[in-house]
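*Asks:* Take a look at the following structure, please.
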Amino acid sequence: MAKNITNKKLAVLTSGGDASGMNACVRTVVRYGLNHGFEVYGVKHGYSGLVNDEVIRMDYGSVSNSVHAGGTLLKTSRCPEFKEKEVMLKAVNNLLNRDIGNLIVIGGDGSFRGVEDMHENTELNVIGVPGTIDNDMGYTDYTIGFDTACNTVIDAILKLRDTITSHDRIMILEVMGRDSGNIALNSAVAGGAEYVIVPEAPADVDEIAKSVKRGFDKGKTSTIILLAEGKNYLKDELIQKVAAATNRRVNHMALGYMQRGGIPTMSDRVLAARMAQRAVDLIECGQSGRVVGVRGGDIYDTTVLEALRIPKEFDEGLYKLAMVISK
Ligand code: ADP
């Protein structure tokens with residue numbers, strides 16, 4: 001993986017969807033990098049900023065008071081044109097022309113495809129760190145931002161429960177995760193939602209409707225159904241069938257971008273710091289085309305190609321447990 005250039009100039013950028021903990025990650029890249037003798041630079045607005053040469057020098061003070069901040073202070077973007085080879089080459093040349101030979105990219109699987117392209121086609125040494133609330137990458141148990149997003153959902157469940165209990169109602173709470181049910185499943189278990197519907201498992205809407213009715217017949221005074229984004233096409237059918245079966249009002253709410261922002265949890269901040277440290281260590285060893293992950297609590301790294309190849313395993317055990325403990 002090592003390439004010919006090894007230099008002591010290192011840039012960092014955040015790309016794709018913002019995730020809480022990205023700032024904690026940048027902070028460690030900057031301070032640990034400086035501590036290891038690197039000149040550190042930030043690229044603003046993700047790959048768009050790389051194309052437009054938005055490069056700033058980062059010192060210790062540039063990341064002061066940022067460990068707790070949500071979003072990304074370096075800003076981020078979607079940059080579809082980065083998939084075009086000429087655009088990517090121009091972007092990388094902006095760094096190479098400044099004699100910056102190393103780049104750390106914090107982002108999701110789309111951003112990692114950019115990492116692979118840059119690694120494969122240029123002299124730049126590129127390392128990826130997983131920052132996405134979706135936790136949808138198979139090579140790593142957790143991604144930066146996932147824990148904070150789940151805690152936001154749990155907080156929403158707590159607050160919505162007050163209102164729907166007061167009115168004896170049912171709430172369908174739609175949560176993010178793209179094709180992954182990870183946010184929904186983990187939040188359902190941790191937040192005590194009665195039902196969870198995820199893309200990875202079949203859902204029988206008629207059976208759910210009957211079950212919700214049985215719950216109210218037995219004395220329940222509220223029901224929360226967590227609906228993962230990847231199954232939101234079931235929303236209308238759910239509302240209609242659950243309302244018909246129970247003769248109660250069914251509310252629907254999509255939590256949306258509420259799940260992206262907010263103060264990162266301790267877990268996300270520590271994960272971000274540990275992953276950033278490994279990323280800088282890899283750069284220091286002249287590595288490229290690798291991404292940092294966590295397995296069984298241990299930080300590790302693998303090739304970006306391998307990371308993109310491994311499908312996310314669905315936690316069947318946790319799903320079965322959710323089915324048992326929820327109602
Ligand atoms: P995330 O990184 O959170 O998954 P996206 O899927 O939007 O977010 O990807 C972020 C950026 O990564 C895109 O806007 C684009 O610049 C770059 N990217 C995505 N897919 C590719 C690809 N196949 N090749 C090169 N770059 C890509």
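The values are calculated or read from the model by the stated rules, or taken from the named source; none is laboratory data. Since the structure is predicted, the reported quantities are computational estimates derived from the model, not experimental observations. As a convention, Cβ positions derive from the backbone with ideal geometry for all residues, glycine included, and neighbour counts pool all protein chains shown.
*Asks:* If you go through segment 238-256 one residue at a time, do you hit one that is under 27 Å from CYS25 (Cα atoms) and of a type outside the set (Ser, Thr, Tyr)?
*Replies:* Taking segment 238-256 and keeping what is under 27 Å from CYS25 (Cα atoms), we get 255-256.
Next, from what is left, pick out any that are of a type outside the set (Ser, Thr, Tyr): 255-256.
Within segment 238-256, one or more residues are under 27 Å from CYS25 (Cα atoms) and of a type outside the set (Ser, Thr, Tyr).
*Asks:* Can you tell me which of (1) surrounded by 22 or more Cβ atoms within 10 Å (Cβ to Cβ); (2) more than 22 Å from the chain's Cα centre (by Cα); (3) outside the structural domain of ASN35 (by TED's automatic domain parsing); (4) hydrophobic (A, V, I, L, M, F, W, C) is the one ALA203 doesn't meet?
*Replies:* So the condition that ALA203 fails would be (1).
*Asks:* Would you say SER288 is at pLDDT below 95, surrounded by 15 or more Cβ atoms within 10 Å (Cβ to Cβ) and farther than 17 Å from ILE144 by Cα?
*Replies:* Values: at pLDDT below 95: no; surrounded by 15 or more Cβ atoms within 10 Å (Cβ to Cβ): yes; farther than 17 Å from ILE144 by Cα: yes.
When the stated conditions are applied, SER288 does not pass them.
*Asks:* Report whether or not VAL87 is within 24 Å of the chain's Cα centre (by Cα) and among the hydrophobic types (A, V, I, L, M, F, W, C).
*Replies:* Here the answer is no, as VAL87 does not meet what is asked.
*Asks:* Right, something else. State all residues of segment 127-144 that are in contact with a strand residue (DSSP E or B) (Cβ under 6 Å, 6 or more places away or on another chain) and polar (S, T, N, Q); if no residue qualifies, say none.
*Replies:* Within segment 127-144, THR140, THR143 meet the criteria.
*Asks:* Would you check which residues across segment 89-145 are more than 23 Å from GLY33 (Cβ to Cβ) and β-branched (Val, Ile, Thr) and list them?
*Replies:* Matches in segment 89-145: ILE133 only.
*Asks:* Also, I was wondering about something else. Show me the strands (runs of 3 or more DSSP E) found entirely inside segment 84-182 where at least 1 residues are within 10 Å of the ligand (Cβ to nearest atom) and within 23 Å of ASN23 (Cα to Cα).
*Replies:* Where strands (runs of 3 or more DSSP E) fall fully within segment 84-182 and carry at least 1 residues being within 10 Å of the ligand (Cβ to nearest atom) and within 23 Å of ASN23 (Cα to Cα), they are 102-107, 125-130.
*Asks:* Could you check, for segment 23-40, whether at least one of its residues is within 15 Å of the ligand (Cβ to nearest atom), in a helix (DSSP H, G or I), touching a residue at least 60 places away in the same chain (Cβ under 8 Å) and under 17 Å from VAL115 (Cβ atoms)? Before the answer, list the steps.
*Replies:* Let us first name the residues in segment 23-40 that are within 15 Å of the ligand (Cβ to nearest atom), namely 25.
Filter once more, so that each one left must be in a helix (DSSP H, G or I): 25.
Imposing the further condition that a residue be touching a residue at least 60 places away in the same chain (Cβ under 8 Å) reduces the set to 25.
Now restrict to residues that are under 17 Å from VAL115 (Cβ atoms): 25.
Scanning segment 23-40, I find at least one residue that is within 15 Å of the ligand (Cβ to nearest atom), in a helix (DSSP H, G or I), touching a residue at least 60 places away in the same chain (Cβ under 8 Å) and under 17 Å from VAL115 (Cβ atoms), so the answer is yes.
*Asks:* A further question follows. Could you check, for segment 64-81, whether at least one of its residues is more than 18 Å from the chain's Cα centre (by Cα), away from the ligand (no atom under 16 Å from the Cβ) and in contact (Cβ under 8 Å) with a residue 12 or more places away in the chain?
*Replies:* yes
*Asks:* For segment 121-146, which positions are under 14 Å from ARG269 (Cβ atoms) and surrounded by fewer than 24 Cβ atoms within 10 Å (Cβ to Cβ)? Show your work before the answer.
*Replies:* Step one: list which residues in segment 121-146 are under 14 Å from ARG269 (Cβ atoms), which gives 129, 131, 142-146.
Result: TYR142, single match.
*Asks:* What helices (runs of 4 or more DSSP H) completely inside segment 224-327 contain at least 1 residues that are not assigned by TED's automatic domain parsing to the domain that holds ALA201?
*Replies:* Passing ranges, in order: 266-284, 304-309, 316-326.
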